Amino acid sequence: MANDVFEITRDMIDATSMRRPDVGAVSVDAAGHRHPWCMSDGTPATTYQPEERYSMPSLRWIRTGMGCDEDGEEYEVGHMGCIECGAAVQPRYTADECVRHIAGLLRYAINGQSVSREEFEERRRAANLKREP
């Protein structure tokens with residue numbers, strides 16, 4: 001545009017995980033209750049997206065006692081258990097099989113100089129107005 005060079009770039013952030021929810025597996029407790037990984041809206045997950053938050057709303061932490069570490073600090077001992085029957089459940093995790101990326105921040109530059117988004121948009125609009133007959 002005119003003599004200005006307008007650039008927008010975005011870094012891609014490596015979101016590859018060595019331990020993430022195994023959304024393809026459904027944990028089943030001793031009573032036969034199914035415990036799928038669910039997305040943030042509560043629906044069972046069918047695919048994994050690194051930017052999504054997963055949980056098992058059918059489970060809760062069940063404290064069975066207290067422990068003590070080598071420094072004398074106490075900690076809770078327990079397990080994840082079914083909210084219906086209390087049976088212990090081990091949620092399944094897996095690792096990514098390929099590199100995953102998520103979109104990072106946008107960066108704006110005019111003629112190689114970093115500028116704010118507002119300045120970028122303002123100057124781009126002004127440059128467009130100059131081009132119109």
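Each value in this text was obtained by applying a stated rule to the coordinates, not by laboratory testing. Remember, predicted model here, so these are calculated numbers, not experimental data. Cβ: placed from backbone, ideal geometry, glycine included. Neighbour counts: every protein chain shown.
Couple of notes before you dig in:
- Gain upon complete extension [E74, I62; 0.36 nm per residue less C-alpha separation]: 2.7 nm
- Note on R19 and T43: with the Förster distance fixed at 25 Å, the Cβ-Cβ geometry gives a FRET efficiency of about 0.65.
- The stretch between Q113 and S55 holds 16.6 nm of extra length on full extension. This uses 0.36 nm per residue minus the Cα-Cα distance.
- Listed by Cβ neighbour count within 10 Å, with the fewest neighbours leading, D22, D14 appear as D14, D22.
- Relative to the current alpha-carbon distance between D11 and N128, full extension at 0.36 nm per residue lengthens the span by 39.4 nm.
- Angle between the chain longest axis and helix 117-131 axis [Cα atoms, degrees, rounded to 10]: 30
- Distant-in-sequence amide contacts of A87, defined by a placed amide H-H separation under 5 Å and a gap of 5 or more residues or a different chain, comprise C82.
- Cα-based shape type of the range 19-96, given that a ≥ b ≥ c are square roots of the gyration tensor eigenvalues and the cut on a/c is 1.5: oblate
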